[in-house]
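> I'd like to ask you about the structure that follows.
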Amino acid sequence: QGQSLDDRLQDALDGFALTDPQPLANTPHARVFKVRMVSGEEAVLKLYRKGHFGNEAAGIALMHHWSEAAPLACAQIYGEGPGALLLEYVPGAHLGDDSRAGRDLDACERLALVAHALHAAPLPDMTRLPRLELWFHDLFTLSYAPTCPVALQADMRRASALARHLLTSDHKPRPLHGDLHHDNVIVGAHPKAIDAKGILADPAYELANAMRNPKGCDTLLRDMAHQSARLEVFASTLGVCPGRLAGWAAAKCALSIAWRANRVLDRDDEADLLGLLLALA
């Protein structure tokens, strides 16, 4: 309590016996360093600003199991400390870089294969993971500013109704990464998932957020024919119903809009993408 981030960094280096910290990323939630372990092997140290894992705790628990059950599809977790996580360093680019370089369908296929490998891995009972219904509360309780375009309001209400239908229709929930998209997969010797959120949900939800990613591919994401091809790749590889996956993609797009709106929606840059995903669903 009360320690500076620099002091906590030193404590983590001492606690894990690490040396040579090199900054990798600086986000609102964490500082990330490449470090060297006693063995000489490189690793990643993630230092959480609030001193605890927050809403990533469930994802870390899930990644622990995947580290053993699906080691070729998930970055390994080497250790945990107070507000600190030690992970495998995967040398390579994010899968999203392939999409941005014009190889999106190939990137989508590899992303879907990662999802398939994670879902095929045997896991212990993880029914205490957060349930997807909790996330959608923010969409269901969203209000609209008087200046919010009528078409956007109509699409958001359609997506909200679709989410309610999908949440209450018959499906068998399972542990999901919860935020599996192109920039949460690093391509080393094998593409490996990072930054799991950890959620209990319909398997068809797993690649919903991938339909609105990666960033930097706005033109492709708003091309109906290309999105239809992506949907086919995702659904066939993951073995889920294309209609359900498309429905979840629209619902997740609306949820992201609701989160950005912070309770009252005026307008949003993904309004056109939401319309496309609803049409696809």
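> In whole Hz, with x marking every Gly and Pro, tabulate ³J(HN,Hα) for region 274-280 from phi via Karplus 6.51 cos²θ - 1.76 cosθ + 1.60, θ = phi - 60°.
These are the phi-based 3J(HN,Hα) values: 4, x, 5, 5, 5, 5, 5 Hz.
> Another question, then. Once a ≥ b ≥ c are taken as the square roots of the eigenvalues of the Cα gyration tensor of region 196-243, is the result rounded (a/c under 1.5), prolate (a/b larger than b/c) or oblate (a/b not larger than b/c)? Could you put the intermediate results ahead of the total?
Values: a/c = 2.93, a/b = 1.36, b/c = 2.15.
Oblate, because a/c is 1.5 or more while a/b does not exceed b/c.
> For each pair in K172/K215; K50/K215; K34/K192; K192/K215; K197/K252, compute the distance between the two Cα atoms and list the pairs where it is over 25 Å.
On the way: K172/K215 31 Å; K50/K215 27 Å; K34/K192 17 Å; K192/K215 19 Å; K197/K252 14 Å.
With Cα atoms farther than 25 Å apart: K172/K215; K50/K215.
> Only Cα pairs under 8 Å and at least 6 apart count here; give the relative contact order of region 27-70 as a rounded whole percent. Kindly include the intermediate steps, with their values, before the conclusion.
Values: 30 pairs, mean separation 13.3, N = 44.
Contact order relative to length: 30 percent.
> Here is a further query. Taking the structure as given and computing Cα extents along the principal axes in Å, which label from (i) 57, 40, 39; (ii) 57, 46, 30; (iii) 67, 46, 32 fits?
Only one listed value fits the structure, namely (i).
> Another question about this same structure. Taking the Cα centre of region 44-165 as the origin, how large is its charge dipole in debye, to the nearest 20, when only Lys and Arg (+1) and Asp and Glu (-1) carry charge on their Cβ atoms? Before the final figure, lay out the partial values.
On the way: 11 positive and 13 negative charges, 89 e Å.
Dipole magnitude for region 44-165 comes out near 420 debye.
> Give me the accessible area of W135, 1.4 Å probe, in Å² rounded to the nearest 10.
Spelled out: W135, probe radius 1.4 Å, area about 60 Å².
> Now a separate question. Per-residue accessible area for S169 at 1.4 Å probe radius, Å² rounded to 10?
Accessible area, nearest 10 Å²: 30 Å².
> For region 157-281, rounded, prolate or oblate, judged on the Cα gyration tensor with a ≥ b ≥ c (square roots of eigenvalues), a/c < 1.5 rounded, else prolate if a/b > b/c? Before the final figure, lay out each step's value.
Details: a/c = 1.34, a/b = 1.16, b/c = 1.15.
Verdict is rounded for region 157-281.
> Relative to the longest principal Cα axis of the chain, at what angle does helix 224-238 sit, 0 to 90 degrees, rounded to 10?
60
> What dipole magnitude, in Debye to the nearest 20, does the chain give about its Cα centre under +1 on Lys/Arg Cβ and -1 on Asp/Glu Cβ?
Values: 28 positive and 34 negative charges, 132 e Å.
Using Cβ point charges on Lys, Arg, Asp and Glu, the chain gives about 640 debye.
> What FRET efficiency comes out for S143 versus H171 if R0 is 45 angstrom and r is the Cβ-Cβ distance? Round to the nearest 0.05.
Details: r = 29 Å, r/R0 = 0.65.
Approximately 0.95, to the nearest 0.05.
> Can you bin region 80-124 into rounded, prolate or oblate? Criterion: square roots of the alpha carbon gyration tensor eigenvalues sorted a ≥ b ≥ c, rounded for a/c under 1.5, prolate for a/b above b/c, oblate for the rest.
Details: a/c = 3.68, a/b = 1.42, b/c = 2.59.
Oblate.
> Assign unit charges at the C-beta atoms only (+1 for Lys and Arg, -1 for Asp and Glu), then state the dipole size of region 8-94 relative to its Cα centre in Debye, rounded to the nearest 20.
Details: 7 positive and 9 negative charges, 73 e Å.
I would put it at about 360 debye.
> Once the Cβ-Cβ distance between R164 and K50 is put in as r, and R0 is 25 Å, what FRET efficiency do you end up with, to the nearest 0.05?
Numbers: r = 33 Å, r/R0 = 1.31.
For R164 and K50, the calculated efficiency is 0.15.
> With unit charges on the beta carbon (Lys/Arg positive, Asp/Glu negative), name the residue among Q3, A17, P28 whose Cα is farthest towards the positive pole of the charge dipole of region 1-49.
Looking along the dipole axis, the top candidate is P28.
> Picking from L273, A70, L176, whose Cα lies most toward the positive end of the charge dipole for the chain (charges on Cβ: Lys, Arg +1; Asp, Glu -1)?
L273
> Report relative contact order for region 42-172 in percent, whole number only (criteria: Cα-Cα under 8 Å, sequence separation at least 6). The partial results should precede the final answer.
Working: 92 pairs, mean separation 28.2, N = 131.
Relative contact order here is 22 percent.
> When the Cα atoms of region 1-143 are enclosed in a convex hull and the volume is divided per residue, what value in Å³ results? Don't skip to the end; give the middle numbers.
Numbers: hull volume 25.2 nm³, N = 143.
Enclosed volume per residue, from the Cα hull, is 176 Å³.
The values are calculated or read from the model by the stated rules, or taken from the named source; none is laboratory data. Values in this document were obtained by computation on a predicted structure and should not be read as measured data. Positions of Cβ are backbone-derived with ideal geometry, glycine not excepted, and every protein chain shown enters the neighbour counts. Side chains included, ligands, DNA and RNA excluded: accessible areas come from the protein's heavy atoms. Shrake-Rupley method; radii C 1.70, N 1.55, O 1.52, S 1.80 Å.
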